1. If R180 satisfies all but one of (1) of a type in the set (D, E, K, R); (2) more than 26 Å from G99 (Cα to Cα); (3) touching a helix residue (DSSP H, G or I) at 6+ places or on another chain (Cβ under 7 Å); (4) free of Cβ contacts under 8 Å to residues at least 60 places away in the same chain, what's the number of the condition it fails?
2. Does segment 188-202 contain any residue that is modelled with pLDDT under 95, out of contact with any Pro (no Cβ under 8 Å at 6 or more places or on another chain) and among the small types (G, A, S)?
3. Out of everything in segment 183-197 that is in contact with a helix residue (DSSP H, G or I) (Cβ under 8 Å, 6 or more places away or on another chain) and part of a helix (DSSP H, G or I), what residue ends up being farthest from A171 (Cα to Cα)?
4. Looking only at segment 164-213, count how many residues are closer than 15 Å to T27 by Cα and touching a Ser or Thr at 6+ places or on another chain (Cβ under 9 Å).
5. What number of residues within segment 245-256 are buried (at least 16 other Cβ atoms within 10 Å of the Cβ) and either at pLDDT below 95 or of a type in the set (S, T, N, Q) (or both)?
6. Filter segment 183-201 down to residues that are surrounded by 17 or more Cβ atoms within 10 Å (Cβ to Cβ) and touching a residue at least 40 places away in the same chain (Cβ under 8 Å) and give me whichever is nearest to I261 (Cα to Cα).
7. Among the residues of segment 79-117 satisfying the criterion of being modelled with pLDDT under 85 and touching a Leu at 6+ places or on another chain (Cβ under 8 Å), which is surrounded by the fewest Cβ atoms within 10 Å (Cβ to Cβ)?
8. Kindly check whether there is at least one residue in segment 69-77 that is modelled with pLDDT under 95, part of a helix (DSSP H, G or I) and more than 26 Å from N196 (Cβ to Cβ).
Amino acid sequence: MDQAEQLRNIIKEQNKKKHLARVITVTSGKGGVGKSNISVNLAIQLSRLNKRVVVLDADFGLANIEIMLGIRPEYNLADVMFRGKDLQSIITKGPEDIGFISGGSGLKELTNLDSDQVRSLVRTMYELDNIADVVIVDTGAGISKTVIDLVMSSAEVVLVATPEPTSITDAYALLKTLCRREEFDVSKTKVYMVANRTHGYKEGKELYDKLNMVVQKFLKMNMYYIGHIPSDDKLFQAVMKQQPVSVSYPNASSSRALLDIAMLLENGEDAMKEVSGKGLSGLFAKMFHPKK
């Protein structure tokens, strides 16, 4: 039995489970656009909407989430993979009762997994289906294979872009790379765009319209605009304090915008309610199942 077949058997077994977490992958074409900040604050706002939320820091080795929260976890994903820890024991409690899983800092272990370790990781990650209503996966920036695999495998993707020209072109490059993958099924993925660091609704909507026009024309796919986050001094102050802005300054303009986005994701239009997918099990199933 080869590795791919073993993975498929694991996924088939786990897909029988009834409780399935909703997986939302947050990504960006360009680094430095506020992606991890949005991941953390969306988690907090969703928790306030009575959802059990776990953030998975999938930018392995850079520890962005723990730095933003000002929390140093005792364990990270490498402890599950290589040191015998179980998944629940490495989930660190964050503000507003969110949980997060650290990808570690400066680690290279997770980039060179053998077949047994990959199977172990897949089995382990299924445990999140039983302890969370929402899993937010914070990817690295760019178009690496790991990033594209995570994005391709998600039923819901939040694409973060800023008005900076390089951010727009890099966001398009990510979507273009995604669409070129034979395994990608556009009908099973909803891509939502968030315009970050804007100077108002008009600038955010214009950013979306500009990107969506070329995406529809050349990639034949739809994006959904779910809001803008204004440039906000309070957000910068919160970052410097290593605290989420939603906690430090809940009435700041950026905090209110993030709450609006969370509410739209949770209770929005019919198009958003009809997002297909099978939780974390579905994420890994699409990653490892060959296209039929």
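The values are calculated or read from the model by the stated rules, or taken from the named source; none is laboratory data. Being a predicted model, the structure only gives us computed values, none of them experimental. Backbone-built Cβ (ideal geometry, glycine too); neighbour counts: all protein chains shown.
1. Single failed check for R180: (3).
2. No, segment 188-202 contains no residue that is modelled with pLDDT under 95, out of contact with any Pro (no Cβ under 8 Å at 6 or more places or on another chain) and among the small types (G, A, S).
3. Among them, the one singled out is K188.
4. Final tally of qualifying residues: 10.
5. Residues meeting the conditions: 5.
6. V194
7. L113
8. yes
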